[in-house]
1. Could you tell me which residue out of M151, G119, M86 lies farthest along the dipole of the range 6-177 toward its positive end? Charges go on the beta carbon: Lys and Arg +1, Asp and Glu -1, centred on the Cα centre.
2. Give the lysines reachable from K150 as a straight Cα distance under 26 Å; neighbours fewer than 8 places away on the same chain don't count.
3. Could you pull out the longest piece of the chain with no exposed loop GluC sites (Glu not before Pro) in it, calling a site exposed if DSSP puts it outside H, G, I, E, B and it has at most 14 other Cβ atoms within 10 Å?
4. At a 10 Å Cβ-Cβ cut-off, how would you order T79, T106, fewest neighbours first?
5. At a 10 Å Cβ-Cβ cut-off, how would you order R148, R77, R124, R43, fewest neighbours first?
6. In nm, give the distance between the simple-model label positions of H93 and T79, each being 7 Å from the Cα along the Cα-to-Cβ direction.
7. Taking only the Cα atoms of the chain, how large is their convex hull per residue, in Å³?
8. Please report the antiparallel percentage of DSSP beta bridges with both residues in the chain, rounded to the nearest 5.
Amino acid sequence: MALTSTMYNVSIEVSDVDRGVYQTLDLRLAMHPSETAEYMATRLLAYCLEWEEGIEFTAGLSNGDEPAIVVRDLTGRITAWIEVGMPDADRLHRASKLAGRVAVYTHRDIRNLLGQLEGKKIHRVEEMPVYSFDRPFIDGLVAHFDRRMKMSLSVVEKHLYMTVGDEAVNGVIHEHRVG
């Protein structure tokens, strides 16, 4: 018998001062049985930090050909390909040829990811940001996950201030480059 995804309903107020984005997002996140809570937290953060018209979660882990998050224009063309976790170089190379912009968000040890990608052939790798979060920030966020959540996220100069219910967690988003 196949395991089914666990659904999470999230209402999140995003105030991203760095990008000038102020939105209230009502999201339904499906947590795949093989997905960790840390991966889902990173996927949620990536969605909020990349929010723009046309953004959507994909089947992700259920469909290995898709990124975790994609942005499409009105014609359906992929304008942004957002990976989460530890994507390999071949996947990023292909993504960079398909989309105008590629970004990676990881909750894993950044040294392992950058080491895995170092010296590999990746189209336009110099334009590809790789973002990581402090582990205590991700752990603090995961500790407050519930099937129904009200959250707020403020971003000021790469500092993240998040409230989940009555609990607050904060951290920094670090930007890295391959190479």
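1. G119
2. Those lysines meeting the cut-off are K158.
3. Working: sites that count: E52, E53, E118, E157.
Free of exposed loop sites, the longest segment is 54-117.
4. Working: T79 16, T106 25.
Least crowded to most crowded, the residues run T79, T106.
5. Values: R148 9, R77 12, R124 15, R43 23.
Sorted ascending by nearby Cβ count, the order is R148, R77, R124, R43.
6. 2.9 nm
7. On the way: hull volume 21.7 nm³, N = 179.
Considering the Cα atoms of the chain, their hull volume per residue is 121 Å³.
8. Values: 35 of 51 bridges.
Approximately 70 percent, going by the DSSP bridge assignments.
Read-outs: derived from the displayed coordinates by stated rules, not from any lab. Owing to the predicted nature of the structure, the values given are computational and were not obtained by experimental measurement. No Cβ is skipped: glycine too gets one built from the backbone with ideal geometry, and neighbour counts run over all protein chains shown.
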